[in-house]
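Structure, as structure tokens:
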Amino acid sequence: MDNFYTAVRLEEGLCRGCINCIKRCPTQAIRVRNSKAVIKTEFCISCGECIRICPYHAKKSIFDPLASLNQFDYKVALPAPSLYAQFNNLGSTNLVLNGLINMGFDDVFEVSGAAEIVSALTRKYIKEHRDRLPLISTACPTITRLIQIRFPNLIENLIPIISPVDLAAHLAKERAINNTGLSPDKIGIVFISPCPAKVSAVKNPIGIEKSDVNLVLSMENIYSRLLVSLNEIKNKDNLEDLTMSGKIGISWGGSGGEAGGLLSDNYLAADGIENVIRILEDLEDEKLRDLEFIELNACNGGCVGGVLTVENPFLAKVKIKRLRKNMPLEKSSLTNYIEEEPYMYWSKEIEYKPVYQLGGNMHESINMLREVETILEKFPGLDCGSCGAPSCRALAEDIVRGQASENNCIHIVRDYIHKLSEDIYLLDAKKIN
Amino acid sequence: MLNDHIHLSYEIVSEDFARAGEAASDVKRVLKKMNVKPDIVRKVAIALYEGEINMVIHSLGGTIDVYIMPNEIQMKLEDIGPGIEDIDKAMEEGYSTASETIRNMGFGAGMGLPNMKRYVDDLDIKSGLGQGTRITMRVIL
Ligand SMILES: Nc1ncnc2c1ncn2[C@@H]1O[C@H](COP(=O)(O)OP(=O)(O)OP(=O)(O)O)[C@@H](O)[C@H]1O
Ligand code: SF4
Ligand SMILES: [Mg+2]
């Protein structure tokens, strides 16, 4: 696929054409044209920052509606670890798992369980690839996309292990087939996502041909239904133990959790997209040495800060900490019985997508950049955003790419009108004389 | 032909650690807009950063001029002193005259000049005690 698929969309009717999203977008993927925001999809990394900032809720993430579950005979829920952090006084993650069953799912498979396997694989991978340190986590799809368009030198540092969601989906599907004897197309693997990035990653996978996830629900969207379900069962005794993960697995929900699962101190964990970009710049310039592992999460606080979550990420982290208390380090039942297999690693190369490049060759690039500089001199350098581009420079580049014109700059138009009215005045003055 | 290049120019202020590295990252930003191979962008960024930091730490300030041409990138770093007494020695890995304070900031491993040499195709240093230092680096595209 040439164009990136993004789950981030605009609800046109709600968009007022303000400049909030174009200013916030970390990859400068958004322009306002004809008073509506337009996402240049090849630049979009699905981070969801525009969804967060839009005061009119015009930006949203697509996801599958609950009703779409009905197309499957057997439905397995895959809760992301951040889901457990959305509720008060949970006591145990098992309540959520049983709550999902009570809601109508036939089975649950914890993504945090698969995360423990990924942790084990990562520990091994780091040991075997000391020539490629520091290795960079690929759990947050936004980061992988960002590296793909802006930090091509770091592609070789990416850890080519499939994400916990995709691993959970594979294992859940296998288990469902074994348990039910149903054909695979009757089984629905349903991921409950904290963010648009993971929706995008399911629809347009990174590193693999196809994800085993069939549907992606939004955490926010199912929240109230799940809450009702939890209340229905919370006083029941002897709930079946459906848990598959320990401390390591559920810690993946917050930043630093994945790194913690490596049981080594030689790592760096950064969260929040702007912080992440700074780290990637430094990594590319080889300014960060002697590190084994870099965990990067696009959202503040990690996945608990995902734009489709409900709870404040700081409180959510406290809740994960509380839940961890009575847990074993990991649920070895899973890590021990599952063998390492080729499907657990990426099967597709990650390619550099040079979306920022101007020009198809060096001569063209030079000429276009010179033109950008010439155009820039005409602008006032206010970066006011009124033209619909995030900065004067961005507008100049759009013009050179043939996607905008100088008249998009209101300051240029204003000066033009000034001059025009002066001319008219002079003309009138002449007539009177 | 003379017009077929991009010229970028930066003022480097001695001991201005808050802005140190700005020239290198700006050049990196520009190169990423161009048809330059990623590993070349990285080499230029690293070599220029080392040279820029050296100007901030060891010199009294100066200018950096970068010329991006279709077939090569040239970086000219020029400062007003105090100069390098023994260039061969300065080129040795591990040789540094950095003070204790500078070392505590994480610099002074004596790897800057050797790294510059490693990352560019051609490195030329003109200097002497009491005069400025002029460094020209070329990377062939
Ligand atoms: N622009 C300059 N002006 C004066 N002296 C310089 C300049 N650049 C380098 N030197 C001298 O050359 C020495 C070696 O430089 P080099 O960059 O290799 O190491 P460093 O700057 O001391 O340490 P590092 O670069 O590893 O932080 C410096 O310690 C300094 O004495
Ligand atoms: S940090 Fe987590 S929630 Fe945020 S974009 Fe990345 S994967 Fe999604
Ligand atoms: Mg140095």
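The values are calculated or read from the model by the stated rules, or taken from the named source; none is laboratory data. Nothing here was measured: the structure is a model prediction, and the numbers come from that model. Note that we place each Cβ from the backbone using ideal geometry, even for glycine, and neighbour counts take in every protein chain shown. The protein model used for the area step is the full one, side chains on, heavy atoms only, and it has no ligands, DNA or RNA in it. Shrake-Rupley method; radii C 1.70, N 1.55, O 1.52, S 1.80 Å.
Placing +1 on the Cβ of every Lys and Arg and -1 on the Cβ of every Asp and Glu, with nothing else charged, gives region B:6-140 a dipole about its Cα centre of roughly 620 debye. Among the GluC sites (Glu not before Pro) within region A:211-296, those in coil by DSSP and having at most 10 neighbouring Cβ atoms inside 10 Å are A:E240. Charge tally around A:I206: other residues with Cβ under 9 Å, Lys/Arg +1 each, Asp/Glu -1 each, net +2.
Charge dipole of the protein assembly as shown (Cα centre as origin; +1 on each Lys and Arg Cβ, -1 on each Asp and Glu Cβ, all else neutral): 1760 debye, rounded to the nearest 20.
Could you tell me the distance between the Cα centroids of region A:101-177 and region B:80-141, to the nearest Å? Their Cα centres are 43 Å away from one another.
Close amide-amide hydrogen proximity is noted between A:V108 and A:A77, each under 5 Å apart and 5 or more residues distant or on a separate chain (H modeled in the peptide plane; Pro and chain starts excluded).
The lysines whose alpha-carbon is closer than 18 Å to the alpha-carbon of A:K378, local same-chain residues fewer than 8 away aside, are A:K419.
Please average, across the residues of A:362-374, the number of beta carbons from any other chain that are within 10 Å of each residue's own beta carbon, and give a whole number.
4
Over chain A, with a Gaussian network built from C-alpha contacts below 10 Å, which listed residue (A:K60, A:K321, A:K23) shows the highest mean-square fluctuation? Highest fluctuation among the options: A:K321. By a 1.4 Å probe calculation restricted to protein chains, A:R150 has an accessible surface near 50 Å², given to the nearest 10.
Computed in the context of the full set of protein chains, the accessible area of the protein assembly as shown at 1.4 Å probe radius has 49% of its extent on carbon or sulfur. Here is the list for region B:37-96: GluC sites (Glu not before Pro) lying in DSSP coil, each with at most 15 other C-beta atoms within 10 angstrom of its C-beta, are B:E85, B:E92, B:E93. Once A binds B, the 1.4 Å probe can no longer reach about 2300 Å² of accessible area, counting both sides. Work out the count of Lys pairs in region B:6-140 where the Cα-Cα distance is under 21 Å, with the pair 8 or more places apart or on different chains. Value for region B:6-140: 15. For region A:247-263, the Karplus equation 6.51 cos²θ - 1.76 cosθ + 1.60, evaluated at θ = phi - 60°, returns couplings of 4, 4, x, 6, 5, 4, x, x, 5, x, x, 5, 4, x, x, 8, 6 Hz by residue, with Gly and Pro reported as x.
Of all DSSP beta bridges confined to chain A, the antiparallel ones make up roughly 30%. Could you please state, rounded to a whole Å, how far the C-alpha centre of region A:351-402 is from the C-alpha centre of region A:26-84? Centre-to-centre (Cα) distance: 28 Å.
When the charge dipole of chain A is built from unit charges on Cβ atoms (+1 for Lys and Arg, -1 for Asp and Glu) and taken about the Cα centre, the candidate among A:Q71, A:A85, A:G385 whose Cα reaches farthest toward its positive end is A:G385. Positive-end ranking of A:T144, A:C54, A:C303 along the dipole of the protein assembly as shown, with charges on Cβ about the Cα centre, is headed by A:C54. Largest GNM mean-square fluctuation across A:D106, A:D166, A:D285, computed for chain A with C-alpha springs under 10 Å, falls on A:D285.
State the answer as a single residue: which of A:C21, A:T41, A:V8 lies farthest towards the positive end of the charge dipole of region A:1-62, with beta carbon charges of +1 for Lys and Arg and -1 for Asp and Glu, about the Cα centre. Comparing the listed Cα positions along the dipole, A:C21 ranks first. Once C-alpha pairs closer than 8 Å and six or more residues apart are averaged by separation and normalised to the residue number of chain A, the relative contact order reads 20 percent.
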